[in-house]
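Worksheet for the structure shown next.
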Amino acid sequence: MFGIEIIAIQEHRFYHPDYNLKYHEAGSYQLVTSSASKNSVNATVGGIGFLLSQKASDNLLHIESVTPRILILELEGNPKTTVICVHRPHNSSTEEDIEDFYESLRETVEQVPPHNFLVIAGDLNSKLGSDAVKNTFDSTTNRNGEMLLDF
């Protein structure tokens, strides 16, 4: 599929509360998902995962669900590659939810060996304005963007 080895997925909505991780076959690819959850009206929301090519699956050393919003995998290589899939709470989320997310992400990143190649991929629900970064579509930075910059 166009030479893509790994795709980080957010909001897949697969619900499997009895399994921390679930493995699905998707043609020649393998989909690894962390369960979505149910909201107050019993609708399925969220869920993160990775779609892995055969090559990525063959080099997979470890995959772990850190939180419902953070999934980490490590691949064999020289150097090893660590990919963290994230789905940050929306801008309207409580300050506590957002702080908990960044605390968990910070702890996760700190556990990655410094010689590993590190990729953080996903939906950070942030807007970074031209006041903060070059080449952006947004005119201003929102609260999530400010917290991302602080991270």
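Here, each number is a calculation from the coordinates, and none is a lab measurement. Treat the numbers as computed from the prediction; the structure is a model and nothing was measured. Glycine also receives a Cβ, built like all others from the backbone with ideal geometry; neighbour counts cover every protein chain displayed.
Tabulated results
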read-out: The range 103-131 versus the range 8-31: alpha-carbon centroid distance in Å; value: 22
read-out: Residue exposure sequence - HIS115, HIS24 - by fewest surrounding Cβ within 10 Å; value: HIS115, HIS24
read-out: Cα gyration tensor shape of the range 7-151, rounded if a/c is under 1.5, else prolate or oblate by comparing a/b with b/c; value: oblate
read-out: Cross-link reach list, aspartates and glutamates versus LYS55, counting only Cα pairs under 12 Å and skipping chain neighbours closer than eight places; value: GLU5, GLU76
read-out: Lysines whose Cα lies under 30 Å from that of LYS38, excluding same-chain neighbours fewer than 8 positions away; value: LYS22, LYS127
read-out: FRET efficiency, ASN135 to TYR102 (Cβ-Cβ, R0 22 Å, nearest 0.05); value: 0.35
read-out: Anisotropy class of the range 1-85 from Cα gyration tensor, a/c 1.5 cut; value: prolate
read-out: Value of [θ]222 nm, deg cm²/dmol, for the chain, DSSP H segments ≥ 4, -39500 (n - 2.57) each, nearest 500; value: -5500 deg cm²/dmol
read-out: Cβ crowding within 10 Å averaged over residues, with 51-59, 103-111, 67-75 ranked highest first; value: 67-75, 51-59, 103-111
